[in-house]
1. Filter segment 15-49 down to the residues that are exposed (fewer than 14 other Cβ atoms within 10 Å of the Cβ), touching a residue at least 24 places away in the same chain (Cβ under 8 Å) and more than 42 Å from the chain's Cα centre (by Cα), then identify the one that is farthest from residue 61 (Cα to Cα).
2. Just to be sure I understand, how many residues within segment 413-429 are surrounded by fewer than 24 Cβ atoms within 10 Å (Cβ to Cβ) and closer than 16 Å to residue 472 by Cα?
3. Based on this model, can you work out whether residue 401 counts as surrounded by 20 or more Cβ atoms within 10 Å (Cβ to Cβ) and touching a helix residue (DSSP H, G or I) at 6+ places or on another chain (Cβ under 9 Å)?
4. Inspect segment 219-226 for any residue being at pLDDT below 95, outside the structural domain of residue 519 (by TED's automatic domain parsing) and within 21 Å of the chain's Cα centre (by Cα) and give the result as yes or no.
5. (1) touching a strand residue (DSSP E or B) at 6+ places or on another chain (Cβ under 9 Å); (2) part of a loop (DSSP other than H, G, I, E, B): which one isn't true of residue 362, the others all being true?
6. Tell me, which strands (runs of 3 or more DSSP E) wholly within segment 218-271 include 2 or more residues that are farther than 24 Å from residue 157 by Cα?
7. Search segment 415-443 for residues that are without any contact (Cβ under 8 Å) to a residue 40 or more places away in the chain and pair each with any residue that is outside any helix (DSSP H, G or I) and buried (at least 20 other Cβ atoms within 10 Å of the Cβ) when their beta-carbon atoms are under 9 Å apart and the residues are at least 6 apart or on different chains.
């Protein structure tokens, strides 16, 4: 230790009166107990009570004689549970959490100050020699994951990321090597002192050479050097053989395509919309193939951008990477964010969706749609249904005008205008929709671009228009056609078929609706009419048509 026991006992005497009373055994743990630390290091006291209590995990912080003192408490039951959990997974080290390993390590390497008998009893639950093996295996497992991931990123052309993960893998391999020699302290910040104490200059110098950048080496050489050094340190399972890596299906990920847009749903909640090239690369993947083969197929579909796109699919957790005979590759760093799929900021593309699918920012985009999957699919289906109602209302208007039914024509015109507005709200992701009479007043919610803002006044006029003659009917019909065109262009629905003009246009309408009904039903979204469920059963065909 860098502090004397007398000094620590004095500091403890001044600290304990500020702690709730109890019959405590006390140890010093952390960097100072390990022989590291400096004048700015915390004094970490752990108080152990011979009880069954569930004591808080959070430390209390005190300032005593100019030193920052942290006090943690654990009951004998809690400590025993920690070591029991460690024993349960010591042969499956990938399941051991960093927090659990760290708590056990700090206690086993602590310096006793009070209650030596209880401290000895606690430490006897997991001998230090046994812990060295667990810590070494844990670090080796982490190194294996990092180095395999580095190999994958190198294969995919992500050189900088590959080098970063290779360097992380070397840190973890060195920590494994050091743990075998009794240097089990987890935090890497004291690794330099651990290497000094290990008295193996060759290992120390090689580590610092690779850590400092591997002067003169390109990414391929640096990753290769890191893999070789890790193997020299005893980390097995990391030969430089990318063909042992494979791209596999990720549970909870589904794909559907609406017209030309590929959509991928993660965990039944997050919707990702793919640009044209990203969609081609995604569709080209044959899952289960070795990574180099999967990449070759993706490049045939997406060109030079296929590697970075495939890397992005992995980061987002849309596919997973496996090592032959070694399970899923899950790289992680100590004292960092927990591993898991990346969730990017939501897309800012507007409108959010169209009849062709979600809006995207470019051909290589893999954009997170800023709506939960169920709301997204419901809004898309409502967009289709709203435009079907527009077509129905246009037909009603034309029929009423031919028969001089002016009141019927009025209602049809109002209905067509309101339904077109419904479609616009759906395109911006509004679901559920405001009531029809409220649609015009709620247009500011959409923050429409300047060139579409006349939609508001036009809509307000059309839903109040009166038709009482052939002349007014002709004028309103022209205004309505212009309005529908502007709204549909703004909503990405300008290609909507004239549903009721012919068998072909009705069939096109059914096929378009089927794409969205299928995914809305998958997510149990509200359907505008119960009849549309039949579209799923009939695969988009008319349910009663023979042949």
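1. 23
2. The number of residues fulfilling the criteria is 1.
3. yes
4. no
5. (1)
6. Of the strands (runs of 3 or more DSSP E) lying wholly inside segment 218-271, those with at least 2 residues that are farther than 24 Å from residue 157 by Cα span 253-258, 261-266.
7. 425/431; 425/439; 442/430
Quick grid of which residues meet (1) surrounded by fewer than 20 Cβ atoms within 10 Å (Cβ to Cβ); (2) closer than 30 Å to residue 424 by Cα; (3) over 16 Å from the mean Cα position of the chain (by Cα):
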residue	(1), (2), (3)
300	yes, no, yes
304	yes, no, yes
317	yes, no, no
322	yes, no, yes
333	yes, no, yes
342	yes, no, no
350	yes, yes, yes
366	no, yes, no
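The values are calculated or read from the model by the stated rules, or taken from the named source; none is laboratory data. These numbers were taken from a predicted model, which means no experiment stands behind them. Counting neighbours? That spans all protein chains shown, and the Cβs are built from the backbone with ideal geometry, glycine included.
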